[in-house]
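In what follows, a single structure is set out as structure tokens and then discussed.
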Amino acid sequence: MNKIVTAIIILTSIVLALVLLIVLYVFFVFGRPNPPLRTGQATINATSSGAETTSTASGTGSSSSSMAGEHIVIDSATFDIEIASTTIEQARGLSYREGLAENAGMLFLFGSYHSYGFWMKDMHFPLDMIWIKGDTIIGFSENAVPQPGTPLWGLKLYYPSEPVDTVLEVNAGTVKKYGIKAGDMVKFDIP
């Protein structure tokens, strides 16, 4: 009987230690705002109704509201962006931030086509998500709203209508404000 009790105590201790490690990991990954993300150069040429525009910039990414560094041009709109290219950067996204500058955003680079799901975990402001497949905007999810206090399993997930390799998150209302539409062509070169 003592061996059974000892085995139960040991197993319980192991389970509790694993739960503690998971809690610490989740806190580390999601418990604070993103640090500045990858920097470098981004150029995007967007064509909509035949006119082509180009923007090229280099500099350092920043988690500040100015987000100096890389830029994207879609038709007549220019956005200062940060790039989320690692799994941790992509999972955290813009969580815990108080907001974005008017023409700022976060670009998610995945490297392969898939129907990536996005959530509004720990967000403090609404977003438009622009779904990009190769060199074409295929659609968007407008006005994704924060869900404060909602457990992970209860969060609404946003998906593109078909597999994508890139997603641009911007302030809610941006898609409508600039008339961004499915079919707008996007070409970008990121090292």
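The values are calculated or read from the model by the stated rules, or taken from the named source; none is laboratory data. From a predicted model like this one, the values you see are computed outputs, not experimental measurements. Here Cβ is always computed from backbone atoms with ideal geometry, including for glycine, and neighbour counts include all displayed protein chains. We work out accessible area using only protein heavy atoms, side chains counted, and drop any ligands, DNA or RNA first. Shrake-Rupley method; radii C 1.70, N 1.55, O 1.52, S 1.80 Å.
Order 15, 73, most accessible first, counting only protein heavy atoms with a 1.4 angstrom probe. Walk me through the numbers before you get to the answer.
On the way: 15 85, 73 10 Å².
Sorted descending by solvent-accessible area, the residues read 15, 73.
Show me the ranking of peptides 137-150, 78-91 by mean Cβ neighbours inside 10 Å, starting with the highest.
Details: 137-150: 15.9, 78-91: 17.9.
The densest-packed peptide leads the list: 78-91, 137-150.
Under the Kirkwood approximation applied to all pairs of distinct alpha-carbon atoms, what is the hydrodynamic radius of the stretch 85-191 in Å?
Working: mean 1/r = 0.0707 Å⁻¹.
About 14.1 Å, per the Kirkwood formula over Cα pairs.
Using modelled backbone amide H atoms (1.01 Å from N, in-plane), which distant-in-sequence or interchain residues come within less than 5 Å of residue 172's amide H?
For residue 172, whose amide H was placed from the backbone, the distant partners under 5 Å are 127, 128.
Over the stretch 76-191, average the accessible area per residue using a 1.4 Å probe and give it in Å², no decimals. Don't skip to the end; give the middle numbers.
Numbers: 5270 Å² over 116 residues.
It amounts to 45 Å² per residue over the stretch 76-191.
Work out from phi, with θ = phi - 60° and the Karplus expression 6.51 cos²θ - 1.76 cosθ + 1.60, the ³J(HN,Hα) of each residue of the stretch 139-144, listed in order in whole Hz, and give x for Gly and Pro.
After applying 6.51 cos²θ - 1.76 cosθ + 1.60, I find x, 6, 10, 8, 6, 6 Hz.
Once phi is turned into θ = phi - 60°, what whole-Hz ³J(HN,Hα) does the Karplus curve with 6.51, -1.76 and 1.60 give for every residue of the stretch 10-22, x standing for Gly and Pro?
So the J values, rounded to whole Hz, are 5, 4, 4, 5, 5, 4, 5, 5, 5, 4, 4, 4, 5.
Whole Å is fine, so just give me how far the alpha carbon centre of the stretch 142-191 lies from that of the stretch 122-141.
One Cα centre to the other: 2 Å.
What residues qualify as long-range amide H neighbours of residue 122, i.e. H under 5 Å apart, gap of 5 or more or another chain, H built at 1.01 Å from N?
The answer is 147.
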